[in-house]
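Nothing in this text is a laboratory measurement; each read-out follows from the coordinates by a stated rule. Worth saying up front: this structure is predicted, and the values here are computed from it rather than measured. Please note: Cβ atoms are built from the backbone with ideal geometry, for glycine as well, and neighbour counts cover all protein chains shown.
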Amino acid sequence: MRSRLPLTALLLAAACGGASASDKVSVLAVDRLSGELGAQDVDLPGTDLAAVRGPAGIVLLDGGRTPDCQLRRKVSGSLVARTLPCVSLLGHYAAMERARQFLISAGAEALPPATVMAGESAPSGLRYVASSDSFTLGEGPRGARVPAAFNPGAVAREMARRQLRAVAETHPEEAEGIALFLGAAAAADPGYLASSELGGDPTGSLDLARPLPPGSAASAVLAGALWAWADASGDLTGAARAALAAARALPAGNADAAAVLSLVADQLDGAERDQACAVFRSRLRAAGISACP
């Protein structure tokens, strides 16, 4: 797969063995504080680095070929891929592992690794394909501040879509809203999608913290309400845990954003529930949240 990343960013990861279970790997990743893309040393336990496969996924190239990523050791002691395409692939894998770890910390199931088809014809970013329970992986979009497949929130959203695939069969809008919120929680950024859009988000339409206009998609309304509560509570992981638990508890019949928010509020007590209910009523602009009389 040809890399389309900025050359300066790729060169940051290239420097001067065999790998062991405790080796750190130098990859491209988004810094948690600055939000900028650069070289980072990360742990990827249980990963076959040369083949780019492990608990987060099994990467295959066009035609179903397995990557052959040779590595070398840097002066610092960490490992780095010898070629720029492999630096990119390992960075994408690391973003998936980061998202997987966040979801597991929020109570998600440790699913078996899915196939990740990487190729020049794939759409930008990591995309979950429910029909085959697999992912596609493509570079770009060219010119975005952060390529989509490195965007922590965007990757977490796709990994969450896989976690919620059974829910999506009967409650597609609710599953999409929860996945959209989980991406924001993983990135600690309600506008995480904007960094991978050309030109950003000048009107704020991708920002979950922004009040939504009437007629907005139910998934966006739900995600915005969940983010507003998570931000107010100051516990993003706890909010993600409650959202995932609510998704698992949705009834087989009809459900909507109010039903999800009610299941979230029902997990809380006292002042925490009062705070959540106040936020949910404000963002939903409607009654019907049964746990918030």
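Tabulated data
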{"item": "For the stretch 76-82, 3J(HN,Hα) per residue [Karplus equation, 6.51 cos²θ - 1.76 cosθ + 1.60, θ = phi - 60°, Hz, x = Gly/Pro]", "result": "5, x, 7, 9, 8, 5, 7"}
{"item": "Order by protection proxy (mean Cβ within 10 Å, highest first), peptides 182-195, 257-270", "result": "182-195, 257-270"}
{"item": "Spatial separation of Cα centroids for the stretch 193-271 and the stretch 66-140, in angstrom", "result": "27 Å"}
{"item": "Sum of -39500 (n - 2.57) over DSSP H runs of 4+, divided by residues of the chain (222 nm, nearest 500)", "result": "-12500 deg cm²/dmol"}
{"item": "Two-decimal log10 I(q)/I(0) for the chain, as the Debye equation yields it once each C-alpha is a single scatterer, q = 0.10 Å⁻¹", "result": "-0.54"}
{"item": "Estimated FRET transfer efficiency (residue 235, residue 109; beta-carbon r; R0 30 Å; 0.05)", "result": "0.90"}
{"item": "Ordering of 155-164, 136-145, 206-215 by packing [mean C-beta count within 10 Å, highest first]", "result": "155-164, 136-145, 206-215"}
{"item": "Built amide H within the under 5 Å cut-off of residue 44, gap 5+", "result": "25"}
{"item": "DSSP beta bridge pairing in the chain, given as percent antiparallel to the nearest 5", "result": "75 percent"}
{"item": "Per-residue ³J(HN,Hα) for the stretch 110-127, Karplus 6.51 cos²θ - 1.76 cosθ + 1.60, θ = phi - 60°, Hz, x for Gly and Pro", "result": "7, 6, x, x, 9, 5, 10, 8, 9, x, 5, 8, 6, x, 4, x, 8, 10"}
{"item": "Difference of contour (0.36 nm per residue) and Cα-Cα distance, residue 65 to residue 101", "result": "10.3 nm"}
